[in-house]
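Engineer: First the structure, then my questions, so here it is.
The values are calculated or read from the model by the stated rules, or taken from the named source; none is laboratory data. Just so you know, these numbers come straight off a predicted model, no measurement behind them. Cβ sites come from the backbone with ideal geometry, for glycine too, and all protein chains shown count toward neighbours. SASA here: full protein model, heavy atoms, side chains in, ligands and nucleic acids out. Shrake-Rupley method; radii C 1.70, N 1.55, O 1.52, S 1.80 Å.
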Amino acid sequence: MADKQISLPAKLINGGIAGLIGVTCVFPIDLAKTRLQNQQNGSRLYTSMSDCLIKTIRSEGYFGMYRGAAVNLTLVTPEKAIKLAANDFFRQHLSKDGKLTLLKEMLAGCGAGTCQVIVTTPMEMLKIQLQDAGRIAAQRKLMPETVAAGTVETKSPTAMQLTRELFREKGIAGLYKGLGATVLRDVPFSMIYFPLFANLNNLGKRGVDGPAPFYVSFISGCLAGSTAAVAVNPVDVIKTRLQSLNRGSTEDTYSGVTDCIRKILRNEGPSAFLKGAYCRALVIAPLFGIAQVVYFLGVGEFILSSLTKKDN
């Protein structure tokens with residue numbers, strides 16, 4: 001993410017460590033975001049992020065807040081590595097012909113966002129089903145009128161069960177349901193985040209060529225991440241709705257992005273597109289702040305140099 005030259009293996013390690021630490025810290029907030037975004041009029045179970053987390057702990061225990069975390073932790077390493085490495089690659093390529101302008105920075109972010117959806121879409125698809133399973137179960141107990149008559153209560157599926165079911169019914173395309181919405185979210189996010197971070201970070205540099213202090217990189221990552229997260233939240237709501245397979249009997253189903261937008265506007269109003277926005281900002285800000293600190297400290301480079309010394 002910073003403009004300093006970092007080897008690809010170091011990028012993989014830095015991205016993986018940043019993702020693992022960040023996801024572990026903020027996953028409960030991400031779960032609340034998913035459940036709040038999936039709530040529709042007539043089936044509102046949670047009034048806020050704190051209310052969602054309290055009810056989740058009461059009904060599912062502490063580890064209920066980490067439903068779907070295994071999928072996220074497993075795939076966050078390649079997802080972060082692809083995004084970071086792709087952005088650096090495009091920035092270096094576009095800067096060969098002269099100064100890296102804002103337009104070129106946005107193009108680099110666009111390329112990074114496009115590359116990352118290969119991993120992001122299946123990960124989000126599985127994660128959302130696991131995260132939202134508790135909301136459906138709670139609705140069944142507390143709001144039985146929103147559950148279709150004759151529906152039999154079943155255990156929450158595992159990631160492997162969901163994967164097998166989607167493969168069996170829809171093939172590989174099943175894991176890429178909501179791909180269009182994911183592209184519409186992640187590409188603009190990267191186009192906003194990477195240029196904004198680079199310019200904020202440059203403001204805190206020590207001298208013309210000196211690096212910015214780690215706290216400047218952390219704050220820049222948090223500010224750029226939260227700004228980009230809120231900016232694309234309407235598309236994130238659409239993506240979450242499209243990728244959710246299980247719904248209450250009173251909740252809308254959607255045939256695509258356009259149909260989802262039309263029904264949300266008609267039944268819930270424009271404010272529905274901001275559902276979970278503050279949760280998403282709270283998730284993304286520390287994730288990218290941590291990523292910048294890991295890069296600043298050179299954790300990947302330190303690990304690689306230690307391994308090289310042992311081999312010698």
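Engineer: Give me a comma-separated list of calculated 3J(HN,Hα) values for the range 56-73, in order, Karplus coefficients 6.51, -1.76, 1.60 applied at θ = phi - 60°, integers in Hz, x for any Gly or Pro.
Structural biologist: Going residue by residue, I get 5, 4, 5, 8, 10, x, 4, 6, x, 6, 10, 4, x, 5, 4, 4, 5, 5 Hz, with x marking Gly and Pro.
Engineer: Using a 1.4 Å probe, what is the accessible area per residue for the chain, in Å²?
Structural biologist: 46 Å²
Engineer: Same structure, new question: Average projected area of the Cα convex hull of the chain, in nm²?
Structural biologist: Computing the convex hull of the Cα atoms and averaging its projections yields 18.2 nm².
Engineer: Still on this structure: Give me the extension gain from N267 to L304: residue separation times 0.36 nm, minus the current Cα-Cα distance, reported in nm with one decimal.
Structural biologist: 7.9 nm
Engineer: Ok, one more. Find the centroid of the Cα atoms in the range 65-98 and in the range 189-216, then give the distance between the two in whole Å.
Structural biologist: Here the two parts' Cα centres lie 18 Å apart.
Engineer: Moving on to the next point. What does the convex hull of the Cα atoms of the range 1-137 come to per residue, in Å³, rounded to a whole number?
Structural biologist: 124 Å³
Engineer: To continue, here is another question. Most fluctuating residue of S226, S271, S244 in a GNM of the chain with Cα springs under 10 Å: which is it?
Structural biologist: S271
Engineer: Here is a follow-up. Grab the alpha carbons of the range 229-280, take their convex hull, and tell me the volume per residue in Å³.
Structural biologist: 82 Å³
Engineer: So, R0 is 22 Å and r is the distance between the beta-carbons of Y62 and T158; what FRET efficiency does that work out to, to 0.05?
Structural biologist: 0.70
Engineer: Moving on to the next point. Please work out the FRET efficiency for the pair L103 and T253, using the Cβ-Cβ distance as r and a Förster radius of 51 Å; give the result to the nearest 0.05.
Structural biologist: It comes to 0.80.
Engineer: Using a 1.4 Å probe on the protein heavy atoms, what percent of the accessible area of the chain belongs to carbon and sulfur?
Structural biologist: 66 percent
Engineer: May I have the extent of the alpha carbons of the range 183-245 along their three principal axes, as whole Å values ordered from largest to smallest?
Structural biologist: 52, 17, 14
Engineer: Assuming R0 = 22 Å, what is the FRET efficiency of K141 and S50, from their Cβ-Cβ distance, to the nearest 0.05?
Structural biologist: My answer for the efficiency is 0.60.
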